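See below for the structure under consideration.
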Amino acid sequence: MPSVQAAVPKEGDERHDQVQTLFSEIAPRYDLLNHVLSLNIDRSWRKHAVNKLGWEASPTGSYLDACAGTYDLAIELCGRKDFRGRVVASDFAQPMLVEGRRKIESRPVSAVCGDSQRLPFPDDSFDGATVGFGVRNLSDLALGLSELHRVVRPGKRLVVLEFTVPPNPLMRAGYLFYFHQILPLVGRLVSGHPWAYTYLPESVKGFPGPPELAAIFEGAGFRDVGWKLLTGGIAALHWGTAT
Ligand SMILES: C[S@@+](CC[C@H](N)C(=O)[O-])C[C@H]1O[C@@H](n2cnc3c(N)ncnc32)[C@H](O)[C@@H]1O
């Protein structure tokens, strides 16, 4: 069994492959751990993301949920009362898509196994796109955002949810304690995976803060870029409009 330090993914292709393996391995426990470790707050974060997407302008449109995992964000979108469109949910870890497949039965969601850094869709395919807690895992973030820009029609929106570090010192101290001490322990016990839940706080620590991420959105071609901190800055909602 690999040691925790040695196994946490670093950069580039190696990171890409290790992240794919990691999510493939934890897929059977992903939903349980997701809701337990976030104390179910993740559900409200996904509602904020869909509220920001602007799908109401094209309720019969086609939407992409990239890094879709077990479809929670795709389901939040297609469960909206007046939504009559469809959602393509893509992820490179097939076991995540397989694990969640019952959740999308009789819903307008189709699953595609694919890499968000090389999306298997033509230019201007979608009326909007979402990514929930996925972009932090990309080995080339700028490339992933450029790909998302390529497949979203001009004038339509990308909305991204991601973890971040709270700005308030007291909140930050509590969050870092939970993230570095409690979460890896519970994650290891429940998932049985030796380092998946050590990777999570490590990946948040090394990830650009909201202003830097907004700048990468702009560099990828998005305009009207903005962000909003959620739950005191544990997570952040980012958005931009494709040009
Ligand atoms: C933390 S999970 C989030 C899943 C889901 N969006 C949610 O909100 O629960 C991150 C997902 O991103 C996927 N992922 C990471 N890097 C990816 C890449 N380069 N291409 C496609 N999927 C990727 C993983 O396989 C995993 O399912």
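Considering only region 116-134, state which residues are touching a residue at least 60 places away in the same chain (Cβ under 8 Å) and either over 18 Å from Gly219 (Cβ atoms) or buried (at least 24 other Cβ atoms within 10 Å of the Cβ) (or both).
Ser125, Phe126, Asp127, Gly128, Ala129, Thr130, Val131, Gly132, Phe133, Gly134
Determine which single condition Ser110 fails, assuming it passes every other condition in (1) within 14 Å of the ligand (Cβ to nearest atom); (2) within 23 Å of Glu25 (Cα to Cα); (3) surrounded by fewer than 23 Cβ atoms within 10 Å (Cβ to Cβ); (4) of a type in the set (Gly, Ala, Ser).
For Ser110, the failing item is (1).
Could you please give the count of residues in region 179-236 that are assigned to a helix (DSSP H, G or I), more than 15 Å from Val36 (Cα to Cα) and aromatic (Phe, Trp, Tyr)?
Residues in region 179-236 being assigned to a helix (DSSP H, G or I), more than 15 Å from Val36 (Cα to Cα) and aromatic (Phe, Trp, Tyr): 2 in total.
Which residues, taken from region 67-106, are out of contact with any Pro (no Cβ under 8 Å at 6 or more places or on another chain), under 21 Å from His48 (Cβ atoms) and among the charged types (D, E, K, R)?
Matches in region 67-106: Asp72, Glu76, Arg80, Lys81, Lys103.
Condition first: among the polar types (S, T, N, Q) and either crowded, with 17+ Cβ neighbours inside 10 Å or within 10 Å of the ligand (Cβ to nearest atom) (or both). Now tell me which residues in region 19-45 satisfy that.
Gln20, Thr21, Ser24, Asn34, Ser38 - these are the residues of region 19-45 that are among the polar types (S, T, N, Q) and either crowded, with 17+ Cβ neighbours inside 10 Å or within 10 Å of the ligand (Cβ to nearest atom) (or both).
Among (1) at pLDDT 90 or above; (2) assigned to a helix (DSSP H, G or I), where does Leu64 come up short?
(2)
The values are calculated or read from the model by the stated rules, or taken from the named source; none is laboratory data. What you see is a predicted model, and the numbers here were worked out from it, not measured in a lab. Glycine gets a Cβ as well: all are built from the backbone with ideal geometry, and neighbour counts include every protein chain shown.
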